[in-house]
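Below is one structure, written out as structure tokens; the observations come after it.
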Amino acid sequence: MTELRILPAAAWGDQVAADLADRLRATPALRLCLPTGATPVPVYEALVRRVRSGEATFADATVVLLDEWVGLPPGDPARCDTRLRAQLLDRLPAPPAAVHAIDVDDPDLDAAVARHAAAAVGLDLVVLGLGMNGHVGFNEPGSLPDSPTRIVRLAASSREAAMARYGASTVPTAGITVGMDRILAAGEVWLLVTGDRKAGILRRALRDPEDPDCPASCLRRHPNLQVIVDEEAAALLA
Ligand code: GLP
């Protein structure tokens, strides 16, 4: 079942953070897959506040990163591991029990992919952003519901976003993503979407027929999907 929740933009980040804190309280050993990008920034800001105030802890939780650029140096400001550490993980009073970043610095990328595919087995909750072309993680258009965790060629728009939107020091050569198979096998999936620039692709993901050209549309087959959006992103859903 797909549940669509439309929230005022000002309340959106804190509400998603409150829901994450609830999940952590209910299941302290939560196995959680987290995205980066601009969308979750207000969520992580609010979640850090809630965890610091003692509402929840990551101390027993496992965090699995959703995706990563290939070809950016360690510590690059656009790297997903750099961003998740700076925005969330390094700001927690107690670190998660385990953090599985994607080891794109391993010269054997196939081995890194295999390790990450294993880390992404049995996720309780996958949190996703939505790409302007309908991608989730780096499951770009053309990805199928059974697409595995893998190295992907990036759409030109995604490579450009690394530099233009996230300040990468160079253009990434590829991406590694948790596969659609692992996302669809998770206990719960939350798709987070904000801002009027995403209104058109959100409408396509939710209202048009399921289509691998818009991988987010395939999430609707998940039995427990929440699409949590602000009013601006929801503008074309009527
Ligand atoms: C990026 C990432 C995704 C992210 C999406 C949306 O390229 N690969 O994991 O969720 O695109 O990004 P943003 O939230 O910055 O719009």
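The values are calculated or read from the model by the stated rules, or taken from the named source; none is laboratory data. Since we're looking at a predicted model, the values are computed, not measured. Note that we place each Cβ from the backbone using ideal geometry, even for glycine, and neighbour counts take in every protein chain shown. Surface areas here come from the heavy atoms of the whole protein model, side chains and all, with no ligands, DNA or RNA. Shrake-Rupley method; radii C 1.70, N 1.55, O 1.52, S 1.80 Å.
The distance between label points at VAL121 and LEU237 comes to 3.5 nm (points 7 Å beyond Cα on the Cα→Cβ vector).
Highest mean first, what order results for 128-134, 202-208, 181-187, 109-115 on Cβ atoms within 10 Å? Kindly include the intermediate steps, with their values, before the conclusion.
Values: 128-134: 21.7, 202-208: 18.1, 181-187: 20.0, 109-115: 15.3.
With the highest mean Cβ count within 10 Å placed first, the list reads 128-134, 181-187, 202-208, 109-115.
Model label points for ASP196 and ALA10, set 7 angstrom from Cα along the Cα-to-Cβ axis, are 1.8 nm apart. Extension gain, GLU55-ASP146: 0.36 nm per intervening residue step, less the Cα-Cα distance, totals 29.1 nm. Net length available on complete extension from GLU3 to ARG203 is 70.6 nm, with 0.36 nm assigned per residue and the Cα-Cα distance removed. In a simple Cβ point-charge model (Lys, Arg +1; Asp, Glu -1; nothing else charged), the range 2-227 has a dipole of about 540 debye relative to its Cα centre. Annotation: GLU140 carries an accessible surface of approximately 20 Å², with a 1.4 Å probe and no ligand, DNA or RNA atoms counted.
For the range 87-186, a Kirkwood radius taken over Cα pairs fed into Stokes-Einstein (20 °C, viscosity 1.002 mPa s) yields D = 145 µm²/s. Placing dummy labels 7 Å off each Cα toward the beta-carbon, the span from ARG25 to ALA94 is 1.6 nm.
Please give the contour-minus-distance gain from ARG220 to VAL41: 0.36 nm per residue of separation, less the Cα-Cα distance, rounded to one decimal in nm. Walk me through the intermediate numbers first.
Working: separation 179, 0.36 × 179 = 64.44 nm, distance 2.46 nm.
Contour length minus Cα-Cα distance gives 62.0 nm.
Taken over the range 35-134, the convex hull of the Cα atoms encloses 115 Å³ per residue.
Calculated FRET efficiency, MET132 and SER169, Cβ-Cβ r, R0 25 Å, to nearest 0.05?
Values: r = 22 Å, r/R0 = 0.90.
Plugging the Cβ-Cβ distance into 1/(1 + (r/R0)^6) gives 0.65.
Take the Kirkwood radius over Cα pairs of the range 2-227, plug it into Stokes-Einstein at 10 °C and 1.306 mPa s, and you get 91 µm²/s for translational diffusion.
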